[in-house]
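Student: Here's a structure for you.
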Amino acid sequence: MALTRRSSRRQRGLSLLFALMAMVVIALASVALVRSVDTSSLVIGNLGFKQDATAASGQMTEQALVWLQNNAGPTLQQNMANVGYYAASMDAVDLTGANRANAARAQVLWNGGNCPAGSTCLQASPVQTFGGNQARYIITRLCATAGSPAAVNCAVPPGSAAMPGGNRGAADYNNQTMQLLVNNSVYYRVVVRVQGPRGTVAFTETIVQL
């Protein structure tokens, strides 16, 4: 009888040990599952914010086009920095802020504030809010300088000898030059920056002919 009782106690002790180990394994698996679900929800949420910011940029672009149409004519031959409009193409401008260390490139003050010492800065339009997203734009006319399109070097097809000086409208994103194929017209570039929740930032670029 004594041996049977001792054996039974040992078995109950081993069962408790295995039960505790199983509980630990289940707890770890539960934590991993919760973390996986949280990560998936975070990724889906970030994608949603990105899509929302892109939609807001479309609304802001429409406002920029309306502004261009309302001011078409001699008004667009001169810079209007207070509304984010520039009558020159600003080929060396840093549109995204990815190359702020390069003092040779002008910076766009998307968030306002003062221009850093030794830098050239461009002002963006007044901020507009679309469903929690803050949007601003900058418009540049694809001409070499301000003035009448008939008197300055404006956009021409690449390789054309119609105007000395080559092609206007080459935007430089991270040192990758993109040429714009255009004909004898005045073109404008509209760059919109949208800042949304969780640090979401979206850029869109639109080329329009007026």
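The values are calculated or read from the model by the stated rules, or taken from the named source; none is laboratory data. What you see is a predicted model; the values in this text were computed from it and never measured. Glycine also receives a Cβ, built like all others from the backbone with ideal geometry; neighbour counts cover every protein chain displayed. Ligands, DNA and RNA are excluded from the accessible area calculation, which covers all protein heavy atoms including side chains. Shrake-Rupley method; radii C 1.70, N 1.55, O 1.52, S 1.80 Å.
Student: Kindly establish whether GLY112 is out of contact with any strand residue (DSSP E or B) (no Cβ under 7 Å at 6 or more places or on another chain) and open to solvent by less than 20 Å² (accessible area, probe 1.4 Å).
Tutor: no
Student: Considering only the stretch 77-93, I want to know if a residue exists there that is closer than 18 Å to THR206 by Cβ, assigned to a helix (DSSP H, G or I) and at pLDDT 90 or above.
Tutor: So far as the stretch 77-93 goes, yes, one or more of its residues are closer than 18 Å to THR206 by Cβ, assigned to a helix (DSSP H, G or I) and at pLDDT 90 or above.
Student: Follow-up question, since we're still on this one. Tell me, please, whether a residue that is modelled with pLDDT under 90 and either in a helix (DSSP H, G or I) or not hydroxyl-bearing (Ser, Thr, Tyr) (or both) can be found in the stretch 62-71.
Tutor: Within the stretch 62-71, none of the residues are modelled with pLDDT under 90 and either in a helix (DSSP H, G or I) or not hydroxyl-bearing (Ser, Thr, Tyr) (or both).
Student: Right, GLY73: more than 19 Å from the chain's Cα centre (by Cα), open to solvent by 60 Å² or more (accessible area, probe 1.4 Å), farther than 20 Å from ARG193 by Cα and of a type in the set (Gly, Ala, Ser) or not?
Tutor: Judged against the criteria, GLY73 is not a match.
Student: On the basis of being β-branched (Val, Ile, Thr) and open to solvent by 60 Å² or more (accessible area, probe 1.4 Å), does THR140 make the cut?
Tutor: no
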